[in-house]
Each structure stands twice: as C-alpha cells, then as structure tokens.
Amino acid sequence: DVADLDAGLVLTPVDLALTISQSSARPKQGDTLPSTLDVTNDGPTTVYGPIRLVQQLPSGVTPVAAAGETWDCSITGSEVTCIRALALVPGEAAPPIVVTTTVIDSRGDLVSRASVGTPADELSLANNQVETMATMATQGGSLPFTGADTLRLILVAAGVLTLGLFLTYGPRRRVRPG
C-alpha cells in the first residue's frame, strides 16, 4: 500500500518493533530493577529519525537512569523518553536502552508500558507497544502458610473434631423421673 506520492517520490511505510526485558520478575522493596528496551526496524525501508521511545513506569518504582548509545534520554516523573536522530536500516537493531529503577513500594504488580514511533507511516502498530509486569516478592521471604505447618494443622483439626464429637455424643446424665 503506497502511503504518499509527493514530488514524484513514493514513500513506503516503515515498521519499527519494540521489545522489553527486565532482570527480575519478582523484585522486592529496595531492589534495583533494570530493564532493557530494544528497537528494531522490521520494515522494508530505512527509518529516518527522529525515532521516539516512551516508557511509562508504574507507581512503586523510581527511575534512576536511562541511557543508550546514540539515544538522547530524559526522565520526567515516572516517564522515560529517548530520542534517536540517526537512521535505522531494514533488519537493523538500534543500540539497547537500559532504564534503571529502584523499587520503593512492595505492594501489587508493577506494570510498565512502552511505545516507539516515528513521523513516518507504519506498516503495523501492533509491534510498537509493549507491556511488562513484575509481581512483587513477599517481604521476609516466607509465606504465611507453608507445607511445614501441615502436621500442626492436622493435629489441631483432629482435636477440634474430637471435641465436637465428644460434646455431641459424649456421656449424658439421665434424669430419672421422680
């Protein structure tokens, strides 16, 4: 599908793709959590800059740094923006961007969303956005109930059952009519 015809030039749409990976799927409060964002040109033509990547970080993390060779990155609040002015030829991957955060809140899931774009028409926007989730690890490293508690639970349940049976069917005093 031809996007535009301008001054005799045929402009073919581009196709940027974005992936994200992070070092830990179960971080805990105080952890440093780096993530790596990779941008590739999956399209048939060269992508000419600017290429703009935006990552929206979840509440519960504080961005510490964002950097990538040939990228100009900035942090505003919980949003990381990186811009690349250089061209990206078909099949080429731009240098990765590493975003480092510190986990400040240990409740719930941390869902991060990122997108990449360019002023050129895109063949597919489906591969321009990505979401990643990290489930917070339990503080203290143990769960409230584990297999080690099974025997104690069985003994308590047996005692309660025995007491219930005794109270229901136990010895009864008979009252003799008088």
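Any idea of the accessible area per residue across the range 32-112, 1.4 Å probe, to the nearest Å²? Kindly include the intermediate steps, with their values, before the conclusion.
Values: 3720 Å² over 81 residues.
On a per-residue basis, 46 Å².
So between Gln29 and Glu92, what do we pick up on full extension, going 0.36 nm a residue minus the alpha carbon distance? Walk me through the intermediate numbers first.
On the way: separation 63, 0.36 × 63 = 22.68 nm, distance 3.69 nm.
Additional length available on full extension: 19.0 nm.
Translational D (Stokes-Einstein, µm²/s) of the range 49-114 at 20 °C and 1.002 mPa s when Rh comes from the Kirkwood sum over C-alpha pairs? If you can, show how the numbers build up before the last one.
Details: Rh = 12.8 Å.
Once the numbers are plugged in, D ends up at 168 µm²/s.
The values are calculated or read from the model by the stated rules, or taken from the named source; none is laboratory data. Values in this document were obtained by computation on a predicted structure and should not be read as measured data. What goes into the accessible areas is simple: the full protein's heavy atoms, side chains included, and nothing from ligands, DNA or RNA. Shrake-Rupley method; radii C 1.70, N 1.55, O 1.52, S 1.80 Å.
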